[in-house]
Protein chains: 4
Amino acid sequence: MAMVCLSDFEAHAKKYLPKIAWDYFAAGADDCTTRDENILAYKRIRFRTRVLRDVSAVDIRTKILGTKISFPVGIAPTGFHQLAWPDGEKSTARAARAMGTCYIASTYSTCTLEEISAAAPGGLRWFQLYIHRNRAASQQLVQRAEALGFQGLVLTADLPYTGKRRDDVRNGFCLPSHMKVKNLEGAFEVCKMSPLDPSVTWNDIYWLQSLTRLPIIIKGILTREDAELAVRHGVQGIIVSNHGGRQLDEGPATIDALVEVVEAVRGRVEVYVDGGIRKGSDVLKALALGAKCVFIGRPALWGLAYKGEEGLQDVLRILQDEFRLSMALAGCASVSEIGQHLVQFSKL
Amino acid sequence: MAMVCLSDFEAHAKKYLPKIAWDYFAAGADDCTTRDENILAYKRIRFRTRVLRDVSAVDIRTKILGTKISFPVGIAPTGFHQLAWPDGEKSTARAARAMGTCYIASTYSTCTLEEISAAAPGGLRWFQLYIHRNRAASQQLVQRAEALGFQGLVLTADLPYTGKRRDDVRNGFCLPSHMKVKNLEGAFEVCKMSPLDPSVTWNDIYWLQSLTRLPIIIKGILTREDAELAVRHGVQGIIVSNHGGRQLDEGPATIDALVEVVEAVRGRVEVYVDGGIRKGSDVLKALALGAKCVFIGRPALWGLAYKGEEGLQDVLRILQDEFRLSMALAGCASVSEIGQHLVQFSKL
Amino acid sequence: MAMVCLSDFEAHAKKYLPKIAWDYFAAGADDCTTRDENILAYKRIRFRTRVLRDVSAVDIRTKILGTKISFPVGIAPTGFHQLAWPDGEKSTARAARAMGTCYIASTYSTCTLEEISAAAPGGLRWFQLYIHRNRAASQQLVQRAEALGFQGLVLTADLPYTGKRRDDVRNGFCLPSHMKVKNLEGAFEVCKMSPLDPSVTWNDIYWLQSLTRLPIIIKGILTREDAELAVRHGVQGIIVSNHGGRQLDEGPATIDALVEVVEAVRGRVEVYVDGGIRKGSDVLKALALGAKCVFIGRPALWGLAYKGEEGLQDVLRILQDEFRLSMALAGCASVSEIGQHLVQFSKL
Amino acid sequence: MAMVCLSDFEAHAKKYLPKIAWDYFAAGADDCTTRDENILAYKRIRFRTRVLRDVSAVDIRTKILGTKISFPVGIAPTGFHQLAWPDGEKSTARAARAMGTCYIASTYSTCTLEEISAAAPGGLRWFQLYIHRNRAASQQLVQRAEALGFQGLVLTADLPYTGKRRDDVRNGFCLPSHMKVKNLEGAFEVCKMSPLDPSVTWNDIYWLQSLTRLPIIIKGILTREDAELAVRHGVQGIIVSNHGGRQLDEGPATIDALVEVVEAVRGRVEVYVDGGIRKGSDVLKALALGAKCVFIGRPALWGLAYKGEEGLQDVLRILQDEFRLSMALAGCASVSEIGQHLVQFSKL
């Protein structure tokens, strides 16, 4: 079977992953409306294609928070990569480094931050944090990440409680006994009680800033009001995200929310987006609407499930090639030429 | 089979109820457009999710007409509960009391008001009235209800005649001979001729007010004009309802009509809504758009059909849990924080 | 099989009519978009239901061009009724008279005008005219109709040539040899060459007016411009029609065009509509938007195909009952209370 | 099987062409959204049908760049006609001449320009050019075309690189070894490396103008900005095209882009459109929105695949008949009467 586009990897993963793992990765909250809207919303955006521009050389490189990446697609934080591939997050780290992009490692990794760092020294990585009831555990995690050379701290803001994912309830989803949330080993049991602290507020940004010199990126912003609050609390970046549609169902598609957030932020901090990216042209649309970079969640897992590090590189390479081709066909020779003039919202 | 969401109860009821009973409960008028629109209209409303608010404690309690309920979901008046469960409305009354919410008992109950009261003493109950050609029969019902401690009188305004429900016509629907509309026993035969009075007008509100000191709630309002008339005639509450899409097909979805009614009422009386509630997040949307409480019809019957009182409690508990979770994920710690800022209508 | 709604008659006709006849009646032009839009457009109109109005007596009678009809649903002109029932248009005439409504007999009837008149003396009938290349033949038809007591002359304006109905082309549709277009017998052969005159213009209205004292109703108007021209040329009525979607595909649905035509006409002549009427509530919508009466095409043929005169009466009686019930449920006690305030266009 | 409409030819081609050839002709880029939108967008345009206009004679002739054609439908440039029919582009040229219309021969023909010219002397033909890295090869082609009597030079602007057509990648599409891109024989190998020059810009229009006196038509314009640039660079015509949805997916449908381009051009040059034409009424819509002529791509290939020259004539004749009938039914007796007043965009 030729792997030509990301859907091929999805079909492969659906076929070969254990049902409980596939269901966990695929799950959306409630009716999965937002999960699916994340994808559909891209289809309502139309390019305004320009022609006869010199696109003999197309430069797809960009920077995030001052660091160069080979193209504007990073790996979003997702948990439990060993469910997809035995080597888990170590493979993810290697693939991201090989492709020259950023990998946001999740608190809920099945490898430790130390293992991830050792697997791909020198790779660009950010660390994704959930603030726990046990603040000391969180503090320790942040400081371990900083010491290991992670270059950004991503605070997930949209998970005071876990969304209702019906299939996980039906399946009684739980990590297999031979896998562990290693970063938190001993601190709690994932299936018993959530360790996350639902009392976290904007003031906790100040606490985080007191713990680390890492830039703070806040993930899970969907409104102009929260975007403004994020800027005022001194974060360096915002990831427009609805957690892949896994939290509150029937919120906005992220590409729609991006427009509102970018407008509110007015360039004061960098804005990224995740959710629904399935083609290189989706990346182009997100950048045209103001994102500095996009992050992929499920497609990365499908790549891992296909062939580990190599499979994830395949996924990234397809996105890279499609993105470069889309830029050329839209008449853009470099990322700096991408702008809102390239797109319009379909009335349908 | 795990009962995870309300659709599971629906599937169970469809499988195990006699076809004639399922068809009767499921029926919508004509093409069932409005019945289905009631549900679809919720899907067109998008949350504006807010993050990083302290939701460690989420208070879902509220009041209707001054009486506390444990969460803003009551039981709408529907007829013939014995078609769903042998104990009929007695089970409904017990489940509602156990869950701390309000049950609106129908004129067309298969238990008497006395039996309902005795089954769950102290529960919060309103009585739903159809005005009959035989006004004395109606008067007697109102006064029995008041004497039995019912705390509200719900006048159904949208059934001068019964809507055309094609499956009921095909099935020749009629109550099985061992069930009775006990509240009206002897007064008429349900299948032969409708006892309802199609000449009822707004002036009959005054007549009702002369019979009882109970607050009057009018059910079946869909327009600003009728909402204004309801307020002027001194009712205490309005239930925005299209009778589950069983009366005039191709009227508005109730959640759409709610917006218009709430705007017209300007807080002068309480406004409730029924129709199409299938998830806790639907409740949150209805409250965001101005409803004080919602009422469920068919889902209550599915709960009864599953396991009587216990099954209905399961349904209510799922809605309660989902509502609490939706509030938390939307950033609301109490019902008073819910407002229109939480939602927007999708353009699609 | 119970015949509960018009779709039941459609299903019956599809099952029992010869394919070539079913295809001919069902045909729309090209992709059948407009044929289907005629029906779908009604679904986009929402009622603004009013309650608590005295609807103990609902008067559904009305008048067209000064003549009383028992309810505002007439029989649109369609050809070749013997394809549906052996007695053909004689049955149609009897059913229309029995139900107290108007029947517009087609030039392309398989019975003569004389046979139609004799079958149902005293019934209200209009005659539908195509202007032929042979003007003498047309003149003779008009004068026969007037002499026979037909009370209106309906000029079809939208058939300079026959639309492209793919199934008829595939089937090589032609009247069976034992049927004849009796009104024109000898004048031409239907399958060989169209006798219609594509050079007809508005000036020919004056010619018709010189031939007859019958009121002239023009059928096939879809725009404000043509509605204005019709009024200026002194017609008495307009039937908003797209020939059941059988002529130019992808024109407007008739119920949408009605709004534009009614606005242009400003009450100077009566406006009717045909196409897409399938339920009593569709009739209510058409009247709310300004139609004085609607006409049904295919549903009448389904009724004929079911049981001739009796079947057509069944169809009309269902529409009558549904229309009366819809009026009551919308809060209207007489046709004069129906107005634009009853409806709104859905945004979807 | 009767060939009644263009879909019949499509079904035939799908059934009888080798899969690899069908896939190549049918392919759209990525998700094929734009390919399909080209067709769907026509369905959202509604006619404003006018009646009672003299359409006894309907004149469908028009001119493009001053040359008469029998009706406003030409043959768009597509490659590799031998994949559809052994005689390839020679058959195409003969059919176009027989029907009195314009054929745009592709650089990627499987016959030489000389063979095409010899096959149908005197036919109206334009030559479609891709500018190659080897400019001398392009120059030679232009000058051969001019010498052979081609009357226009069509520069394709939207193919700096080939779009991603997934099925072609899966199939490993390549011309069968017995076919050749004869016009470029020896110059390059099609499957190995694209000879097209992605550095081409607007300035190259001046270079082309220096090579030839032929009028230059630019193909692939979708925005007002590029339309303005085309006019300023002195082209004689614009073909609004998205390459049949084979280049950048999720650009606009061509009929939607036509409106914008026509508005920008303000009559200074002729505007044509291709993509999505499947019925004579589509041609009428395109002309109503300002196109001077339309060009068909895939339908021409289906005609060839059916019966070569004869099959393509069948396709053109059907479009011609449908176009003439649509004009008559819309009330237009000549092409000059077609205007924007004939159409409106549906809100749905």
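The values are calculated or read from the model by the stated rules, or taken from the named source; none is laboratory data. Remember, predicted model here, so these are calculated numbers, not experimental data. Quick reminder, even Gly has a Cβ in these numbers, built from the backbone with ideal geometry, and neighbours come from all protein chains shown. All accessible areas refer to the heavy atoms of the entire protein, side chains included, with ligands and DNA or RNA removed. Shrake-Rupley method; radii C 1.70, N 1.55, O 1.52, S 1.80 Å.
Could you grab the relative contact order for the range B:108-236? Cα pairs under 8 Å, six or more apart, rounded to a whole percent. Can you show the working numbers first?
Values: 137 pairs, mean separation 44.2, N = 129.
Dividing the mean separation by the residue count of the range B:108-236 yields 34 percent.
Once amide H atoms are built 1.01 Å from N in the peptide plane, which residues 5 or more positions from B:GLY74, or in another chain, come under 5 Å H to H?
Under 5 Å from the amide H of B:GLY74: B:VAL294, B:PHE295, B:ILE296.
If you count the DSSP beta bridges with both ends in chain B, what percent of them are antiparallel, to the nearest 5?
Working: 7 of 34 bridges.
The antiparallel fraction comes to roughly 20 percent.
Please find the FRET efficiency linking D:THR162 to D:GLN344, where r is the Cβ-Cβ separation and R0 is fixed at 22 Å, and quote it to the nearest 0.05. Provide the component values of the computation, followed by the final result.
Values: r = 37 Å, r/R0 = 1.70.
Plugging the Cβ-Cβ distance into 1/(1 + (r/R0)^6) gives 0.05.
Convert each backbone phi in the range B:308-318 into a coupling constant with the Karplus relation 6.51 cos²θ - 1.76 cosθ + 1.60 (shift: θ = phi - 60°), then list the ³J(HN,Hα) values in order as whole Hz, x for Gly and Pro.
Computed from phi, the couplings for the range B:308-318 are x, 3, 5, x, 5, 4, 4, 4, 5, 5, 4 Hz.
Quick one: helix B:135-147 against the long Cα principal axis of chain B, what's the angle to the nearest 10°, folded into 0 to 90?
Approximately 50 degrees, to the nearest 10.
Would you work out the relative contact order for chain A, in percent, from Cα pairs under 8 angstrom that are 6 or more residues apart? Don't skip to the end; give the middle numbers.
Numbers: 714 pairs, mean separation 98.0, N = 348.
About 28 percent, as a whole number.
Using θ = phi - 60° and the Karplus relation 6.51 cos²θ - 1.76 cosθ + 1.60, list the HN-Hα couplings for the range D:23-36 in order, rounded to whole Hz, with x at every Gly or Pro.
After applying 6.51 cos²θ - 1.76 cosθ + 1.60, I find 4, 5, 5, 7, 3, x, 6, 6, 8, 6, 5, 5, 3, 6 Hz.
Can you tell me the 0 to 90 degree angle between the C-alpha axis of helix C:6-16 and the longest principal axis of chain C, rounded to 10?
Helix C:6-16 sits at roughly 30 degrees to that axis.
Can you check what the Kirkwood hydrodynamic radius comes to for the range B:6-345, Cα pairs only, in Å to one decimal?
Values: mean 1/r = 0.0500 Å⁻¹.
Taking the inverse mean of 1/r over all distinct Cα pairs, the range B:6-345 comes out at 20.0 Å.
Could you rank the peptides B:338-344, D:109-115, A:216-222 by their average count of other C-beta atoms within 10 Å per residue, with the highest value first?
Working: B:338-344: 17.0, D:109-115: 21.3, A:216-222: 26.0.
Ranking the peptides B:338-344, D:109-115, A:216-222 by packing returns A:216-222, D:109-115, B:338-344.
Provide the packing ranking of A:317-324, D:322-329, C:233-240, i.e. peptides ordered by the mean count of other C-beta atoms within 10 Å per residue, highest first.
The peptides rank, most packed first, as D:322-329, C:233-240, A:317-324.
Across the residues of D:55-65, average count of Cβ atoms on other protein chains within 10 Å?
Values: counts 6, 8, 2, 3, 0, 0, 0, 0, 0, 0, 0.
Mean number of neighbouring Cβ atoms from other chains: 2.
Counting DSSP beta bridges in the protein assembly as shown, what percent are antiparallel, to the nearest 5?
Numbers: 28 of 133 bridges.
So the antiparallel bridges in the protein assembly as shown amount to around 20 percent.
In a GNM of chain B with a 10 Å cut-off on Cα contacts, which of B:PRO198, B:PRO176, B:PRO18 has the highest mean-square fluctuation?
B:PRO176
Hey, can you find the accessible area per residue of the range C:6-345 for me, probe 1.4 Å, expressed in square angstrom? Provide the component values of the computation, followed by the final result.
Values: 11450 Å² over 340 residues.
With the other protein chains kept in place, the range C:6-345 gives 34 Å² per residue.
Thinking of the protein assembly as shown as a set of Cα atoms, what percent of all their pairs are more than 46 Å apart? Don't skip to the answer; put the middle values down first.
Working: 493675 of 968136 pairs.
Distances greater than 46 Å cover 51 percent of the Cα pairs.
Please find the FRET efficiency linking A:SER7 to B:GLU146, where r is the Cβ-Cβ separation and R0 is fixed at 60 Å, and quote it to the nearest 0.05. Spell out each step's value before the answer.
Working: r = 64 Å, r/R0 = 1.07.
Taking R0 as 60 Å, the efficiency between A:SER7 and B:GLU146 is 0.40.
Within a Cβ distance under 13 Å of C:ALA264, other residues only, what is the Lys/Arg minus Asp/Glu net charge?
With Lys, Arg at +1 and Asp, Glu at -1, the neighbours total 0.
Report, to the nearest 10°, how far helix C:254-265 tilts away from the longest principal axis of the Cα atoms in chain C, using its own Cα long axis and a range of 0 to 90°.
Around 90 degrees separate the two axes.
If you take each beta carbon of peptide C:245-256 and count the beta carbons of other chains within 10 angstrom, what is the mean? Provide the component values of the computation, followed by the final result.
Working: counts 0, 0, 6, 12, 7, 15, 7, 6, 2, 0, 0, 3.
Neighbouring Cβ atoms belonging to other protein chains average 5 per residue here.
Roughly how many nanometres apart are two label points built 7 Å out from the Cα toward the Cβ at B:THR67 and B:GLU185?
For B:THR67 paired with B:GLU185, the spin-label model returns 2.5 nm.
Can you grab the distance from the C-alpha centre of the range A:311-348 to the C-alpha centre of the range D:243-313, Å, no decimals?
Using only Cα atoms, the two centres lie 26 Å from each other.
For the range D:287-302, what does the Karplus curve 6.51 cos²θ - 1.76 cosθ + 1.60, with θ = phi - 60°, yield as ³J(HN,Hα) per residue in whole Hz, taken in order and with x for Gly and Pro?
5, 4, 8, x, 6, 7, 6, 10, 10, 10, x, 4, x, 5, 5, 4
May I ask you to order B:43-49, A:205-211 by the average number of other C-beta atoms within 10 Å around their residues, highest value first?
Numbers: B:43-49: 22.0, A:205-211: 14.9.
Taking the mean over residues of other Cβ atoms within 10 Å, the ranking is B:43-49, A:205-211.
Please compute the modelled spin-label separation between B:LEU40 and A:GLN209, points set 7 Å along Cα→Cβ, answer in nm with one decimal.
4.9 nm
Once each part is reduced to its C-alpha centroid, what is the distance from the range B:52-100 to the range A:166-183 in angstrom?
Computed from Cα coordinates, the inter-centre distance equals 33 Å.
Can you flag which of A:LYS14/A:LYS180; C:LYS63/C:LYS180; A:LYS285/D:LYS15; C:LYS68/C:LYS285; C:LYS63/C:LYS90; D:LYS180/D:LYS219 are past 26 Å Cα-Cα? Write down the numbers at each step before the final one.
Details: A:LYS14/A:LYS180 23 Å; C:LYS63/C:LYS180 34 Å; A:LYS285/D:LYS15 37 Å; C:LYS68/C:LYS285 21 Å; C:LYS63/C:LYS90 24 Å; D:LYS180/D:LYS219 24 Å.
Violating the 26 Å limit, Cα to Cα: C:LYS63/C:LYS180; A:LYS285/D:LYS15.
Other chains near A:211-223: what is the mean number of their Cβ atoms within 10 Å of each residue's Cβ? List each step's numbers first, then the result.
Details: counts 0, 0, 0, 0, 0, 0, 0, 2, 1, 3, 4, 6, 9.
Counting Cβ atoms of other protein chains within 10 Å of each residue's Cβ and averaging gives 2.
What residues have an amide H closer than 5 Å to that of D:ILE69, excluding those fewer than 5 places away on the same chain, when H is modeled at 1.01 Å from N in the peptide plane?
Counting only residues 5 or more places away or on other chains, the set is D:THR62, D:LYS63, D:ILE64.
I want to check the label-to-label distance for C:ASP321 and B:ARG170. Put each point 7 Å from Cα in the C-beta direction and report it in nm to one decimal.
1.6 nm
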